[in-house]
Amino acid sequence: MADKKVVIVGGGVAGAILAKNLQHQANVTLIDPKEYFEIPWASLRALVEPSVAERIVINHREYFTKGDLVTSTAVSISETEVSTEDGNQIPYDYLVIATGHTEAIPKTRTERIDQYIAGNERIKSASSVLIVGGGPTGVELAAEIAVDFPEKKVTIVHKGSRLLEYIGPKASRKTLKWLKSKKVDVKLEQSVDLDSHTDGDKTYQTSAGETIEADTHFVSTGKPIGSAWLRETLLKDALDGDGRVKVDEYLRVKGRDNIFAIGDITDVQEIKQGVYAQAHANLVAKNLKLLIEGGGKERKLGTYKAQPPISIVSLGRKQGVAQFPLITIIGRLPGIIKSGDLFVGKTRKDLGLEANVKKEKA
């Protein structure tokens, strides 16, 4: 059973959970350009409280102890192997694409934690902060700053007609009202040209001609889907118009028996968020175990159904806004569900780790 080679490309939420779950059932190789996994939904808390970064930035080797770890970027695939930027050719019996979104972040855990410390210093030393982008990342960052540093002037500039466009308008309205109650200035249907902005300049121009004064800024706009590397491979026809990988009900790439895709890169019609990426990973772990065991068990493969548009956006440490299928609420209840620990302890336990970090070297 352990002789089958499973290669997982991408060490984000879906890839990390899968590698952890499958490492004792197969010969697993995890390919990731960085040496660590990061709990992404808690990253904004780490900007206002850098010690959180110690808990959310986790070296792959802490939870993935048995398989092979290749710290490089996958650049191509064939019917039998994955090629990496550093020249490795890694053979597979089963391949899982979990490259999510692309983001320029450092290779080592120490460098990543240092980034959070530097971001926190920028916030602490500023009297005014500009946030470009009013999706969940921008809203949560604005809320974290407004709650922890109420004396600071926070401005959000968002090109859309409402905040949090990925969920319903009721959540947007409630969130806007909450942010205004915290004296956050929200400018909708505007953008900021940061390409023409020079470092050190504290004046920003919006597309509507408004001038914003801010000591520092953070960009919280969407990240590109991590599928560009697949466009010249045997999976080029498996990409939809948005660059997502088309999958079947088993989360196999359409037309492929031994290649799966999980997480944000898939074309599953649901909100792209960590809890669903975890569900993808758990299902594919189960399906790969059945396929590896063989003996007709492939007839028992589990299927995945797109999840309803449920989402919780934290608003500081104690409040949040939650969209459920029949109701949208704001205040303490969503905060109790998410905003306190941001599921960090639970996620660490899912990876087989202690909920809290004993003081360790970065």
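The values are calculated or read from the model by the stated rules, or taken from the named source; none is laboratory data. Every value quoted in this text rests on a predicted model; they were computed, and no experiment measured them. Don't worry about glycine lacking a Cβ; one is built from the backbone with ideal geometry, like all the others, and counts go over all protein chains shown. Quick note on the areas: whole protein, heavy atoms, side chains included, nothing else; ligands and nucleic acids left out. Shrake-Rupley method; radii C 1.70, N 1.55, O 1.52, S 1.80 Å.
Compared with the dominant Cα axis of the chain, that is its longest principal axis, helix 274-293 is turned about 0°. Quantify how much of the Cα-Cα distance distribution of the stretch 171-252 extends past 16 Å, in percent. For the stretch 171-252, the share of Cα pairs beyond 16 Å comes to 70 percent.
Give the aspartates and glutamates whose C-alpha is closer than 12 Å to that of K34, dropping any in the same chain fewer than 8 places away, or say none. Partners found: E103, E111.
Our Cα-only numbers for the stretch 1-130 put the radius of gyration and Dmax at 16.7, 59 Å. Inter-label distance, T221 to A355: 4.0 nm, where each label sits 7 Å from its Cα along the C-beta direction.
Using a probe of 1.4 angstrom and keeping all protein chains present, the accessible surface of the chain works out to 46 square angstrom per residue. Against the chain, whose longest principal axis is taken from its Cα atoms, helix 109-125 shows a tilt of about 10°.
Can you give the FRET efficiency to the nearest 0.05 for E85 and L290, using r as the Cβ-Cβ distance and R₀ = 25 Å?
On the way: r = 33 Å, r/R0 = 1.31.
Step by step, r from the Cβ atoms, then E = 0.15.
The charge dipole of the chain, taken about the Cα centre with unit charges on the Cβ atoms of Lys, Arg (+1) and Asp, Glu (-1), comes to about 1580 debye, rounded to the nearest 20.
Between the C-alpha center of the stretch 275-300 and that of the stretch 97-145 there is a gap of 34 Å.
Ligands, DNA and RNA left out, the 1.4 Å accessible surface of the chain is 49% carbon and sulfur atoms.
If you wrap the chain's Cα atoms in a convex hull and average its projection over all directions, what's the area in nm²?
Details: hull surface 74.7 nm².
If you wrap the Cα atoms of the chain in a convex hull and average its projections, you get 18.7 nm².
Would you mind computing Rg(Cα) / (2.2 N^0.38 Å) for the stretch 204-289, counting N as its residues?
Working: Rg = 18.1 Å, N = 86, 2.2 N^0.38 = 12.0 Å.
Ratio of Cα Rg to 2.2 N^0.38 Å: 1.52.
The loop-placed trypsin sites (Lys or Arg not before Pro) in the stretch 158-244, going by DSSP, that have at most 12 neighbouring Cβ atoms within 10 Å of their Cβ come out as K183, R231. Checking the Cα-Cα distances for K254/K289; K236/K297; K4/K286 against a 26 Å cut-off, the pairs over it are K236/K297.
Could you tell me which trypsin sites (Lys or Arg not before Pro) in the stretch 278-362 are loop residues by DSSP with no more than 15 other beta carbons within 10 angstrom of their beta carbon?
Details: sites: K286, K289, K297, R299, K300, K305, R317, K318, R332, K338, K346, R348, K349, K358, K359, K361; in loops: K305, R317, K318, K358, K359, K361.
Hits after loop and neighbour filter: K305, K318, K358, K359, K361.
At q = 0.15, 0.16, 0.20 Å⁻¹, what is the log10 ratio I(q)/I(0) for the stretch 84-187, with the Debye formula run over Cα points and no solvent? So the normalised log intensities work out to -0.76, -0.82, -1.06. On a 0 to 90° scale, report how tilted helix 169-181 is relative to the longest principal axis of the chain, with both axes built from alpha carbons and the result rounded to the nearest 10. Tilt relative to the chain: about 40 degrees.
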